[in-house]
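To start, the structure under review is shown below, and the notes come after it.
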Amino acid sequence: MITVGDSFPQFKVKACNGLTNDDLIDITSESYEAKWKVFFFYPKDFTFVCPTEIVEFSKNVGEFEDRDTVVIGGSADNEFCHLAWRNDHEDLRDLKLPLIAAPKLARELGILDAEENVCLRATFIVDPHGVVQYASCNNLSVGRNVKEILRVLDAIQSDELCPCNWNKGDETIKV
């Protein structure tokens with residue numbers, strides 16, 4: 001799996017960004033230049049834990065935007081599967097983020113589960129220069145904490161020494 005300090009791979013992927021065929025778009029490495037990016041990958045569409053995470057990320061898109069950050073979700077499923085799932089699952093209809101079809105990107109990131117051939121629950125915070133500043137990975141059955149990802153993003157963007165359990169507005173460590 002790529003890690004902190006690595007360059008996020010160059011990519012061009014299909015994405016579902018709404019509920020119609022007109023909402024199937026291309027997203028590339030250049031789509032969000034000069035922005036921070038949070039990429040979160042999940043195992044597959046039409047499952048049970050995945051929509052809880054996707055909805056929570058979507059609910060917090062405004063929080064990420066306040067930090068000049070875009071949020072992009074994805075799995076190894078194709079864009080048509082994402083579209084069908086969004087139309088089928090009531091909680092996914094009003095998402096404020098794209099879902100990318102990323103089997104090739106997932107391989108390049110090193111986040112495909114060897115047995116299931118699906119994405120692990122991997123999260124990457126990528127700076128505006130395309131460098132990974134945070135990387136984490138959960139097993140297939142454990143969902144993430146979006147508030148923790150926001151907390152880590154705040155700490156990274158503070159460019160300070162942040163102690164354990166630090167939250168935005170707390171004292172940083174002065175050396």
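The table for this structure:
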{"item": "Percent carbon-and-sulfur accessible area, region 18-119, ignoring ligands, DNA and RNA, probe 1.4 Å", "result": "46 percent"}
{"item": "Region 6-17 - phi-based ³J(HN,Hα) in whole Hz, Karplus 6.51/-1.76/1.60, Gly and Pro as x", "result": "6, 7, 5, x, 5, 7, 9, 9, 8, 9, 9, 10"}
{"item": "Radius 11 Å from Cβ of residue 43, net charge of other residues (Lys, Arg +1; Asp, Glu -1)", "result": "-3"}
{"item": "Sequence ranges 129-137, 49-57, ranked by mean other-Cβ count within 10 angstrom, highest first", "result": "49-57, 129-137"}
{"item": "Residues whose placed amide H lies under 5 Å from that of residue 29, excluding near-sequence neighbours", "result": "11"}
{"item": "Helix 146-158 axis, angle to the chain major axis (alpha carbon atoms, nearest 10°)", "result": "40 degrees"}
{"item": "Hits among aspartates and glutamates - C-alpha to C-alpha of residue 174 under 16 Å, sequence gap 8 or more where chains match", "result": "159, 160"}
{"item": "For the chain: relative contact order, % (alpha-carbon pairs under 8 angstrom, 6 or more apart)", "result": "28 percent"}
{"item": "Nearby lysines by direct alpha-carbon distance to residue 44 (threshold 30 angstrom, same-chain neighbours under 8 apart not counted)", "result": "12, 14, 35, 59, 96, 104, 147"}
{"item": "Within-15-Å neighbourhood charge of residue 77 [Cβ basis; K, R +1; D, E -1]", "result": "0"}
{"item": "Between 0 and 90°, nearest 10: helix 50-59 axis offset from the chain longest Cα axis", "result": "60 degrees"}
{"item": "Among 80-87, 37-44, the order from most to least packed when residues are scored by Cβ within 10 Å on average", "result": "37-44, 80-87"}
{"item": "Percentage relative contact order, region 107-175, counting C-alpha pairs under 8 Å, at least six apart", "result": "18 percent"}
{"item": "Beta bridges per DSSP with both ends in the chain, % antiparallel, nearest 5", "result": "70 percent"}
{"item": "Residues with amide H under 5 Å from that of residue 102, placed H, sequence gap 5 or more", "result": "75, 76, 77"}
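The values are calculated or read from the model by the stated rules, or taken from the named source; none is laboratory data. These numbers were taken from a predicted model, which means no experiment stands behind them. Counting neighbours? That spans all protein chains shown, and the Cβs are built from the backbone with ideal geometry, glycine included. Just so you know, the surface numbers come from the protein's heavy atoms only, side chains and all, with ligands and any DNA or RNA stripped out. Shrake-Rupley method; radii C 1.70, N 1.55, O 1.52, S 1.80 Å.
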